[in-house]
Amino acid sequence: MYTDTTQLVTDATKIIIIQAENPDGDSLGSALALEEILGDAGKEVSLYCPVDIPKYLRYFSGWDRVTSSFDTKADLAIIVDTSADILLSKVLETRGVRHYLETHPVIAIDHHTTESSLSFPVTEVFENAAATSEIILRIANEAGWTVNTQAAEHLL
């Protein structure tokens with residue numbers, strides 16, 4: 001079911017995980033869980049959000065690894081918890097990022113099943129679920145990726 005998604009991850013060495021400019025518990029937890037899961041799979045992972053992580057989310061272990069510097073050297077971008085340009089406006093306004101997203105593989109994982117308004121090519125993983133983290137767990141299980149204790153905590 002997730003063959004295209006897992007193949008893109010397999011082919012990548014460096015991956016950037018992108019959160020929208022309205023980070024919440026699901027987007028941050030999903031990003032941190034992916035960092036753990038993909039790191040254990042041998043990938044170099046960076047976490048990006050165009051705004052500061054809100055203080056009410058700073059109880060998440062690892063929140064301080066999220067940066068506002070976009071790593072254009074990544075082979076693959078994964079967007080979590082949004083499929084709308086409007087929620088990525090600051091991302092898209094960042095110098096060089098739109099070009100990066102238009103010229104590199106991008107996966108968008110979202111539990112909101114409304115039609116995507118992303119203005120660049122993406123591999124969509126949009127499913128009806130309680131949270132994006134639930135979809136990430138499904139992908140990891142199907143791919144046979146290890147979900148360590150820290151990743152499980154972030155997914156929760």
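On average, how much accessible surface per residue is there in the chain, in Å², for a 1.4 Å probe, leaving out ligands, DNA and RNA?
48 Å²
Given a 1.4 Å probe and the protein chains all in place, what does the accessible area of His154 round to, in Å² to the nearest 10?
10 Å²
Just give me a number: lysine pairs in the chain, eight or more positions apart or cross-chain, with C-alpha atoms less than 23 Å apart.
Summing the qualifying lysine pairs gives 6.
Taking all protein chains together and a probe of 1.4 Å, list Phe60, Phe126 from the most accessible to the least accessible.
Phe126, Phe60
Loop only by DSSP, 12 or fewer other Cβ within 10 Å of the Cβ. Give me the trypsin sites (Lys or Arg not before Pro) in segment 73-145 that pass, ordered by residue number.
Loop-located and lightly packed - Lys73, Arg95.
What net charge do the residues around Asn128 carry, taking every other residue with its C-beta under 11 Å from that of Asn128, with Lys and Arg at +1 and Asp and Glu at -1?
-3
Distance from a point 7 Å along Cα→Cβ of Tyr56 to each backbone N in segment 91-132: keep the residues under 11 Å and list them by number.
none
Quote to one decimal, in nm, the extra length available between His112 and Thr146 on full extension: 0.36 nm per residue of separation minus the C-alpha distance between them. List each step's numbers first, then the result.
On the way: separation 34, 0.36 × 34 = 12.24 nm, distance 2.55 nm.
Full extension of this stretch gives 9.7 nm more.
Ratio of segment 39-145's C-alpha Rg to 2.2 N^0.38 Å, to two decimals?
Expressed relative to 2.2 N^0.38 Å, the Cα Rg reads 1.09.
Counting only the heavy atoms of the protein chains, how much of Glu44 is accessible to a 1.4 Å probe, in Å² to the nearest 10?
100 Å²
Do any GluC sites (Glu not before Pro) in segment 48-132 lie in a loop, going by DSSP, with at most 11 other beta-carbon atoms within 10 Å of their beta carbon, and if so which? Mind dumping the intermediate values first?
Numbers: sites: Glu93, Glu102, Glu115, Glu124, Glu127; in loops: Glu115, Glu127.
Here the sparse-neighbourhood loop sites are Glu115.
The values are calculated or read from the model by the stated rules, or taken from the named source; none is laboratory data. All values reported here derive from a predicted model rather than from experimental measurement. We place every Cβ from the backbone using ideal geometry, glycine too, and count neighbours over all the protein chains shown. Accessible surface is based on the protein model in full, side chains and every heavy atom, while ligands, DNA and RNA are left aside. Shrake-Rupley method; radii C 1.70, N 1.55, O 1.52, S 1.80 Å.
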